[in-house]
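Participant: After the structure tokens below, expect a handful of questions from me.
The values are calculated or read from the model by the stated rules, or taken from the named source; none is laboratory data. Given the structure is predicted, the values throughout are model-derived calculations rather than measurements. Cβ placement follows ideal geometry from the backbone for every residue including glycine, while neighbour counts extend to all protein chains displayed. Just so you know, the surface numbers come from the protein's heavy atoms only, side chains and all, with ligands and any DNA or RNA stripped out. Shrake-Rupley method; radii C 1.70, N 1.55, O 1.52, S 1.80 Å.
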Amino acid sequence: MNVYIGLDISTSKVGIAILSEKRKLLETKLIKLNKDDELEDRTKRFIMELVKVLPGRRVLGVFVEEPASIFSMGRSSAHTISKLQRFNGMCCYGISILLNRIPELIPVRSARKSVGIKIKRGDNTKLEVIKWVKQSYPKDFIYENTRHGNPRPGTDDIADAIVVALAGINSKV
């Protein structure tokens, strides 16, 4: 089966979405990474987990959410951004070796715009993206809530991976 893969890569977890050529959501996965592991070990773990979802599938494209490159007040330091960029690059290189194809980086705002997600100033971006994905894939995008009624951590990473995959497919059409 021909598929597209969308990835939301961070140093603590990776959201994976696999979509068919017709944009059907086939599979999602969240890889939780050990923060005490070296980036190289996290990269190996990511690649080993990616290999598990590939059998029987022909990958037509891999789309990766472009890592943050600017500071957000109170959220990211130069060290954090540097580490994220480095890890993202290592994962993309691993993908290029594994699949013999260079992943395409897609800026998160471009991805959301491509699929028609509009976030109003002051809205919770993560929740809005999750809501949009749930409306788009009501039967296939299943997730659990915490006891406080919020989506479990990592749900947003999977939702972002789906949006990035859709944006990547849109760029091919």
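Participant: Identify, by number, the condition in (1) loosely packed, with under 15 Cβ neighbours inside 10 Å; (2) assigned to a helix (DSSP H, G or I) that K118 doesn't meet.
Facilitator: Answer for K118: the failing condition is (2).
Participant: Let me ask another. Within the stretch 2-21, which residues are buried (at least 24 other Cβ atoms within 10 Å of the Cβ) and not aliphatic (A, V, I, L, M)?
Facilitator: Scanning the stretch 2-21 gives G6, D8, G15.
Participant: If you take the residues of the stretch 125-140 that are of a type outside the set (A, V, I, L, M) and part of a helix (DSSP H, G or I), which of them is farthest from T28 (Cα to Cα)? Spell out how you get there, then give the answer.
Facilitator: The initial filter retains those residues of the stretch 125-140 that are of a type outside the set (A, V, I, L, M), namely 125-126, 128, 131-132, 134-140.
From what is left, the residues that are part of a helix (DSSP H, G or I) are 125-126, 128, 131-132, 134-136.
Details: T125: 20, K126: 17, E128: 19, K131: 16, W132: 16, K134: 13, Q135: 16, S136: 15 Å.
So the residue we want is T125.
Participant: Can you tell me which of (1) among the charged types (D, E, K, R); (2) open to solvent by 50 Å² or more (accessible area, probe 1.4 Å); (3) within 26 Å of S20 (Cβ to Cβ) is the one D123 doesn't meet?
Facilitator: For D123, the exception is condition (3).
Participant: For the condition of a type in the set (K, R) and surrounded by 11 or more Cβ atoms within 10 Å (Cβ to Cβ), what is the one hit in R101, R58?
Facilitator: Numbers: R58 fails: surrounded by 11 or more Cβ atoms within 10 Å (Cβ to Cβ).
That would be R101, the only listed residue that is of a type in the set (K, R) and surrounded by 11 or more Cβ atoms within 10 Å (Cβ to Cβ).
Participant: Can you spot a residue in the stretch 66-77 that is over 24 Å from K126 (Cβ atoms), exposed (fewer than 14 other Cβ atoms within 10 Å of the Cβ) and among the charged types (D, E, K, R)?
Facilitator: Going residue by residue through the stretch 66-77, those that are over 24 Å from K126 (Cβ atoms) are none.
No: zero hits.
Participant: Continuing with this model, one more query. Looking only at the stretch 22-47, which residues are open to solvent by less than 30 Å² (accessible area, probe 1.4 Å) and under 16 Å from G61 (Cβ atoms)?
Facilitator: Answer for the stretch 22-47, where residues must be open to solvent by less than 30 Å² (accessible area, probe 1.4 Å) and under 16 Å from G61 (Cβ atoms): just L25.
Participant: With the structure loaded, tell me whether R75 is modelled with pLDDT under 95, under 14 Å from the mean Cα position of the chain (by Cα) and not aliphatic (A, V, I, L, M) or whether it fails that test. Break it down into steps so the answer makes sense when it comes.
Facilitator: Details: modelled with pLDDT under 95: yes; under 14 Å from the mean Cα position of the chain (by Cα): no; not aliphatic (A, V, I, L, M): yes.
So R75 does not fit the description; no.
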